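> Below are the C-alpha cells for one structure; questions will follow.
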Amino acid sequence: MADIEADAPTSGKRANTKAANRRAILTAARRVFALIGYEATTVRDIIRETELASGTFYNYFKSKEEVFQAIAEDSTHRFRAHLSEVRARTNSLEDYIEHAFRAYFSFIARENEEAIKAGAPHLALMGVRVDTPEMLAVAEEIRADLEQTLSGETAAGLDLEYLTAAAIGIAREMGDYMLQRRPVDVEGATRFASGLVLAGGRAMMGR
C-alpha cells in the first residue's frame, strides 16, 4: 500500500507533464499555421515555437497533419460546451439560430484573437472542420435542437438535415470571412447569418 501511495504523486506529475507538452505543441502549431499557412508549415517550424525537443514532439504526434486534426477536434470539443449553453437558454427557433451563430462567431474570434493582433494572414484555416467525429456529433446535436425548438407540424415542412447543413455551412464560410475583416464584427455576422437562415426557413414553411 505504501508503494502505491508513493507512486501516485509521480504518476500524477507525469500525466500533468504530458498534458502540458501536448498543449504546448497545439498552441505553437496554431500560431505557426496562422502565421505562415498550413502548407508551408513543417514539423520543425512547430517544434521551434516550443521549448521541447524533437523527440518529445514525436511522442505525441507523427506529423503536422495529426497536429492539425488534434487542433480541429480540440476546438470543436470546446465549442460544444458553448452550444450546450445556447440549448439551455433558448426555447424558440429564432432565439436558437441567433444565439448559436453568435456563440460560434464569438468562439472563433476569441480563438484567433492573438493571431489577429499579430496580423496573421492565414486565419481562415483555423475554423472548425466538418469531417471529424466530434463535428459530426455537433451536427447531430444541432439537428436535434432544431427539431426540439419546432412544433411537430412546423418541423414536418422542413428538411432538418438540409437546414442543419445549411446553417453549419453558412457559419463556416461567413466565419472565415469575418476573421479576415477589420474590425472583426461578430454582431454583424450574427445578424446576417441568422437573418438569412430564418428567412429561408420561413419561406420553406410558407410563413
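The values are calculated or read from the model by the stated rules, or taken from the named source; none is laboratory data. These numbers were taken from a predicted model, which means no experiment stands behind them. Reconstructed Cβ throughout: ideal geometry from the backbone, glycine too, with neighbour counts over all protein chains shown. The protein model used for the area step is the full one, side chains on, heavy atoms only, and it has no ligands, DNA or RNA in it. Shrake-Rupley method; radii C 1.70, N 1.55, O 1.52, S 1.80 Å.
> Name the single residue that is nearest to A199 (Cα to Cα) among those in segment 91-115 being surrounded by 16 or more Cβ atoms within 10 Å (Cβ to Cβ) and among the acidic types (D, E).
E98
> Here are some conditions: (1) open to solvent by 20 Å² or more (accessible area, probe 1.4 Å); (2) of a type outside the set (S, T, Y); (3) in contact (Cβ under 8 Å) with a residue 60 or more places away in the chain. A88 meets all but one. Which one does it not meet?
Only one criterion in (1) open to solvent by 20 Å² or more (accessible area, probe 1.4 Å); (2) of a type outside the set (S, T, Y); (3) in contact (Cβ under 8 Å) with a residue 60 or more places away in the chain is unmet by A88, namely (3).
> Mind listing whichever residues of segment 178-188 are without any contact (Cβ under 8 Å) to a residue 40 or more places away in the chain and assigned to a helix (DSSP H, G or I)?
G188
> OK, next. What do you reckon, is E147 modelled with pLDDT of 90 or more and part of a helix (DSSP H, G or I)?
no
> Taking segment 28-81 as the search range and keeping residues that are touching a Leu at 6+ places or on another chain (Cβ under 9 Å) and closer than 15 Å to E134 by Cβ, which one is most open to solvent (accessible area, probe 1.4 Å)?
Of everything passing the filter in segment 28-81, D74 is most open to solvent (accessible area, probe 1.4 Å).
> Ok, one more. Check off (1) open to solvent by less than 60 Å² (accessible area, probe 1.4 Å); (2) over 26 Å from G119 (Cα atoms); (3) at pLDDT below 90 for R14 and give me the number that stays unchecked.
(1)
> Of all residues in segment 158-169 being in contact with a helix residue (DSSP H, G or I) (Cβ under 7 Å, 6 or more places away or on another chain) and open to solvent by less than 40 Å² (accessible area, probe 1.4 Å), which is modelled with the lowest pLDDT?
Applying the filter and picking the extreme gives L158.
> Is it true that some residue in segment 10-23 is within 30 Å of A171 (Cα to Cα) and basic (K, R)?
yes
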